[in-house]
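The values are calculated or read from the model by the stated rules, or taken from the named source; none is laboratory data. Please read all numbers here as calculations on a predicted model, not as lab measurements. As a convention, Cβ positions derive from the backbone with ideal geometry for all residues, glycine included, and neighbour counts pool all protein chains shown. These area figures cover heavy atoms from the full protein model, side chains too; ligands, DNA and RNA do not enter into them. Shrake-Rupley method; radii C 1.70, N 1.55, O 1.52, S 1.80 Å.
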Amino acid sequence: MLICIPEVLSKDDVVEFRRVMDRADWESGLKTAGPQAALVKNNRQLPSASPVAQDLGARVLEALSRSATFVSAALPLKILPPMFNRYGDGENFGVHVDNAIRAVPGTSLRLRADVSCTLFLAEPTNYDGGELVVEGHYGAQHVKLPAGDMVLYPSSSLHKVEPVTRGERVACVFWLQSMIRDNQHRSLLFDLDQTIQELGAEVGPDHAASVRLTGIYHNLIRAWADT
């Protein structure tokens, strides 16, 4: 399941993020790469412990809490603090799978990475290349969204970031543990929730069919949830 969510951040928010980020100190992305990723990772990132990364990460999480689509699609239980990366000319991230278990920086906490998230912070017209390519059952999907938009996809997916050939690709990335471990179950619940919302808009949330479907939705969560 690959889901694009528009306007997680407003254009004004993106401008402010970039103003702060462009003045910050960046480090090699290899600082947080595992043994396999280190062979194919070629980018830069904000140090996760820096005040800039922590402040902007908190603002991203606050914006996500207001996104009904994000909550519906991810059903988040735990969210790793957001990270920020950038790719310039010739930089890329080759084919890899995200680590299954990820540590929360500065703590002993661990979480299972079920869903990977990329929030784009550069307009597609400002750089060439840099597409996120996610392998799926129906082939590769190429993703390059407007600044402020976000894509969610299973962390178990093979994926890569194509080399940037002009300009700079800037993004926020993070991982989360969902209440629903199974990707197919999350996909079914998302489709069901969207159907309930559409039906409720047409006939009202108190219509008998809306109430029954809502009951089914919550009982499926009750059966599948891992909290």
| remark: If each part is reduced to its alpha-carbon centroid, the stretch 199-227 and the stretch 107-161 end up apart, in Å, by 30 Å
| Where a ≥ b ≥ c are the square roots of the eigenvalues of the C-alpha gyration tensor, would you call the stretch 133-195 rounded, which needs a/c under 1.5, or, failing that, prolate if a/b is larger than b/c, or oblate? | prolate
| At q = 0.09, 0.12, 0.13 Å⁻¹, base-10 log of I(q)/I(0) for the stretch 78-213 (Debye sum, equal scatterers on each alpha carbon) | -0.36, -0.60, -0.68
| Among 190-203, 52-65, how do they line up from the highest to the lowest mean number of other beta-carbon atoms within 10 Å? | 52-65, 190-203
| remark: Rounded to whole Å², per residue accessible area for the chain with a 1.4 Å probe reads 50 Å²
| query | If we count every other residue with Cβ under 14 angstrom of ILE196's Cβ, Lys/Arg +1 and Asp/Glu -1, where does the sum land? | reply | -4
| Restricting attention to the alpha-carbon atoms of the stretch 1-89, what are Rg (one decimal) and Dmax (integer), both in Å? | 14.5, 38
| remark: For Cα extents along the principal axes in Å, with candidates [x] 56, 51, 30; [y] 56, 37, 35; [z] 52, 40, 37, the value calculated from the shown model is option [y]
| said: Tell me the angle of helix 11-22 to the major Cα principal axis of the chain, expressed in degrees between 0 and 90 and rounded to the nearest ten. | reply: 30 degrees
| said: Assuming a strict under-25 Å limit between Cα atoms, what lysine pair count do you get for the chain once near-sequence pairs (fewer than 8 apart, same chain) are dropped? | reply: 8
| note | Around ASP226 (Cβ within 14 Å, Cβ-to-Cβ, excluding ASP226; K/R +1, D/E -1) the net charge comes to +3
| task | Calculate for the chain the 222 nm mean residue ellipticity that helices alone would give, adding -39,500 (n - 2.57) per DSSP H run of length 4 or more and normalising by residue count, nearest 500 deg cm²/dmol. | result | -10500 deg cm²/dmol
| note | Net charge (Lys, Arg +1; Asp, Glu -1) of residues whose beta-carbon lies under 14 Å from that of ILE101, ILE101 excluded, is +3
| note | Expected vector for the stretch 46-62, Karplus 3J(HN,Hα) from phi with 6.51, -1.76, 1.60 and θ = phi - 60°, integer Hz, x for Gly and Pro, equals 6, x, 4, 8, 6, x, 5, 5, 5, 5, 5, x, 5, 5, 5, 4, 5
| field | Apportionment of accessible area to carbon and sulfur, the stretch 1-115, percent (1.4 Å) | value | 56 percent
